[in-house]
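Trainee: Please find one structure pasted underneath; my questions will follow.
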Amino acid sequence: MRLNLIIPIAVIVLLGLLGSVYVVREGQTALVLNLGRVARTDIGPGLHFKVPLIETARVFDRRFYASEFSPERYLTSERKDVSVDFVAIGLISDVADFYRATGGEMEVANDRLAPIIKDSMRNEINARTLQQLVSGERAEIIARQLEGVNEAAATLGMRVIDIRLKQIDLPTDSDVIAQVYDRMRAERRQVASRLRAEGEEQARIIRAQADRERTVLVAEAERDAQKLRGEGDAEATRIYGEAAQRDPAFYAFQRSLEAYRASFADGNGVIVLERDDPFLQYLRSDR
C-alpha cells in the first residue's frame, strides 16, 4: 500500500520539476506568462524556473532574420510602372511588445511589417526617376527610410537593420518596357550619329591634310623639275657653245639635221620654200 502511494507521488514530483524548468539558449530570449499576462521579460540564456501550471515560458530568437516580401508595384516620378522585390533584415528589440502585438508569431509580425516598409518605400520611389532607381542609389534610398520604418516597427517590438532591394523589374503587362527599349534605341542612334559625325570630321581633316601634303609635294617636285630642266638647258647650251667654237661647220650641220627631224617628224609635213633657200642647203644633190 505504501509503495502504491510513493510511485504516484514520485511521478507527480518529477512532472512538477520538469514543468518548472526551461532552457534559454545562446542567441535567444524568453518571457514568462503568469495566467496569460506577461510577468517577466528579457530573460537571458541559461536554466530557469517557473511555477508549474500557472506560469508559461515563451522562447524567441533574437538573432538577425531576413523577411522576404512579395514584389510591390510602384510609380516613379516619370509615372513609370516598376515592380520592386526587396527583403528586410531585422530582429526582435522588445520581446514583451513583440508578444503583445503579434502573439509571438513571426508570420503575423511580417504581415504587419510589410505595409509599413512598402508605404515608406513608395514615398521614396515616387520621388525618383527610373534611371535613378537602377543607377546605384539604392543605399541612399534605404538610408532615408530606415528611421521612419523603425518608428513604426517599434510598436511591434522589432527593429529593422537594413532593407535590400533584390530586383527592380518592369512589369510585362505595361508599356514601360517598350518605352525603355525605344529610349535605348534612341540613345544608340544618338551615339551612332555622333560617332558618324566624328568620323566624317576626322575624314575631312585627313583628306584636307592629304590634299595639302599632295599640293606641297607636287609644288616641290615641279620646283625641282624646273631646276633640273634649267640646269639641263644650261648644260646643253654650254655643250652647244663649245661644239660651235670647235667646228662651226659641223655645228651648223647638226642644227640643220635637228631642224629637218622636227619639220618632218610626222611624215606628212609640207614645206614650200625657194629653191635656193638656205634651209635646203644640205638636201641638194650637189652637196
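Trainee: Can you compute the modelled spin-label distance between Arg229 and Arg25, with each label point 7 Å from Cα toward Cβ, in nm?
Mentor: Taking the two extended label points, one gets 10.7 nm.
Trainee: Please say if the stretch 55-123 is rounded, prolate or oblate, where rounded means a/c under 1.5 for a ≥ b ≥ c the square roots of the C-alpha gyration tensor eigenvalues, and otherwise the choice is prolate for a/b larger than b/c and oblate otherwise? Mind showing how you got there, number by number?
Mentor: Working: a/c = 3.50, a/b = 2.88, b/c = 1.21.
It is prolate, given that a/c is not under 1.5 and a/b is the larger ratio.
Trainee: On a straight-distance basis, which lysines could pair with Lys118 in a cross-link, Cα separation under 22 angstrom, same-chain partners fewer than 8 positions away excluded?
Mentor: Qualifying lysines at Cα under 22 Å: Lys80, Lys166.
Trainee: Work through the residues other than Ser193 whose Cβ is under 14 Å from its Cβ and net out their charges, Lys, Arg +1 and Asp, Glu -1.
Mentor: Numbers: positive: Arg185, Arg188, Arg189, Arg194, Arg196; negative: Glu187, Glu198, Glu200, Glu201.
Once all neighbours under 14 Å are counted, the net charge is +1.
Trainee: Apply the Karplus parameterisation 6.51 cos²θ - 1.76 cosθ + 1.60, with θ equal to phi minus 60°, to every residue of the stretch 36-45 and state each ³J(HN,Hα) to the nearest whole Hz, in sequence, with x for glycine and proline.
Mentor: With the stated coefficients, the stretch 36-45 comes to x, 9, 5, 9, 9, 9, 6, 7, x, x Hz.
Trainee: Now for a different question. Would you kindly state how much longer the chain becomes between Ala127 and Ser70 on full extension, computed as 0.36 nm times their sequence separation minus their alpha carbon distance, in nm to one decimal? All intermediate terms of the calculation are to be shown ahead of the outcome.
Mentor: Values: separation 57, 0.36 × 57 = 20.52 nm, distance 2.18 nm.
Net length gain for the segment: 18.3 nm.
Trainee: Simple spin-label model, 7 Å along Cα-to-Cβ: Arg63 to Ile239 in nm?
Mentor: About 10.8 nm separates the two model spin labels.
Values in this text are rule-based calculations from the coordinates and carry no lab data. Just so it is clear, the model here is predicted, and its values are computed rather than measured. Note that we place each Cβ from the backbone using ideal geometry, even for glycine, and neighbour counts take in every protein chain shown.
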